[in-house]
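So the structure is just underneath, and the comments pick up after that.
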Amino acid sequence: AAVVPGGWLLVEELDFTTSGAAGAFGARAFARVERAIHQFLADTGFDPAFGRRLPRRFRAAGLVDVEGRGGLSVARGGSPYAIWYGQSIEALRPKLVAAGLVTEAEVARVCRLLEDPEFELVTPVLISTRGRRPETATPSA
């Protein structure tokens, strides 16, 4: 086993399904492209909500004292995070459009939003899950 008896395991994973526009400005366009990305990822075998499933998986694996905590940020259009996210969407654009999930115009609109300082987005929640492998039972003397 990778964790010694009494040892701790910590895994961090994003829950992508929690991201979205922080306000009304651009919310509908952003949600449309986000849903398309989640569908595309799910179709390729990736679970966009896997982060929230970690605590249950830890318990199913026999770990104890399992705890999951999440954290997110609100990023402004034009920030390093928003620029990175826009580049990620751009990289997926051909596949999203080819799959018929969104149009070129919808992707272009969201990429412009991510450059606009008036647009704010809630990032995916980073879920940190920890659990401890139980101590082994001591043999009776």
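The values are calculated or read from the model by the stated rules, or taken from the named source; none is laboratory data. Predicted model, so just to flag it, every value in this text is computed and none were measured. Note that we place each Cβ from the backbone using ideal geometry, even for glycine, and neighbour counts take in every protein chain shown. Just the protein is used for accessible areas: all its heavy atoms, side chains included, with ligands, DNA and RNA removed. Shrake-Rupley method; radii C 1.70, N 1.55, O 1.52, S 1.80 Å.
Need the failing condition index for residue 100 against (1) open to solvent by less than 70 Å² (accessible area, probe 1.4 Å); (2) on the phi < 0 side of the Ramachandran plot, just the number.
Residue 100 satisfies all of (1) open to solvent by less than 70 Å² (accessible area, probe 1.4 Å); (2) on the phi < 0 side of the Ramachandran plot except (2).
Of these, 32, 57, 76, which one is under 30 Å from residue 132 (Cα atoms) and open to solvent by 60 Å² or more (accessible area, probe 1.4 Å)?
Values: 32 fails: under 30 Å from residue 132 (Cα atoms); 76 fails: under 30 Å from residue 132 (Cα atoms).
Of 32, 57, 76, the one residue that is under 30 Å from residue 132 (Cα atoms) and open to solvent by 60 Å² or more (accessible area, probe 1.4 Å) is 57.
List pairs: first in segment 9-29 and closer than 17 Å to residue 70 by Cβ, second aromatic (Phe, Trp, Tyr) and open to solvent by 50 Å² or more (accessible area, probe 1.4 Å), Cβ under 6 Å, 6+ apart or cross-chain?
Close Cβ pairs satisfying both conditions: 13/50.
Can we say residue 49 is at pLDDT below 95, in contact with a strand residue (DSSP E or B) (Cβ under 6 Å, 6 or more places away or on another chain) and at negative phi? Steps first, answer last, please.
Values: at pLDDT below 95: yes; in contact with a strand residue (DSSP E or B) (Cβ under 6 Å, 6 or more places away or on another chain): yes; at negative phi: yes.
Answer is yes for this residue.
Quickly run through segment 125-141 and pick out the residues that are at pLDDT 95 or above and either assigned to a loop (DSSP other than H, G, I, E, B) or not aliphatic (A, V, I, L, M) (or both). Don't jump to the end; show me each part of the working.
As a first pass, look at segment 125-141 and keep what is at pLDDT 95 or above: 125-134.
The answer is 128, 129, 130, 131, 132, 133, 134.
Residue 48 fails exactly one of the following numbered conditions: (1) in a loop (DSSP other than H, G, I, E, B); (2) more than 20 Å from residue 13 (Cβ to Cβ); (3) not hydrophobic (A, V, I, L, M, F, W, C). What is the number of that condition?
The single condition residue 48 does not satisfy is (2).
Across segment 44-64, which residue is farthest from residue 106 (Cα to Cα) among those that are touching a residue at least 12 places away in the same chain (Cβ under 8 Å) and within 16 Å of the chain's Cα centre (by Cα)?
Applying the filter and picking the extreme gives 55.
Suppose we filter 42, 91, 108 for residues that are part of a helix (DSSP H, G or I) and open to solvent by less than 40 Å² (accessible area, probe 1.4 Å); which single one remains?
Going through 42, 91, 108 in turn, just one is part of a helix (DSSP H, G or I) and open to solvent by less than 40 Å² (accessible area, probe 1.4 Å): 108.
When you check residue 117 against the structure, is it assigned to a loop (DSSP other than H, G, I, E, B), closer than 30 Å to residue 57 by Cα and either modelled with pLDDT of 95 or more or open to solvent by less than 60 Å² (accessible area, probe 1.4 Å) (or both), yes or no?
Values: assigned to a loop (DSSP other than H, G, I, E, B): yes; closer than 30 Å to residue 57 by Cα: no; either modelled with pLDDT of 95 or more or open to solvent by less than 60 Å² (accessible area, probe 1.4 Å) (or both): yes.
In short, no.
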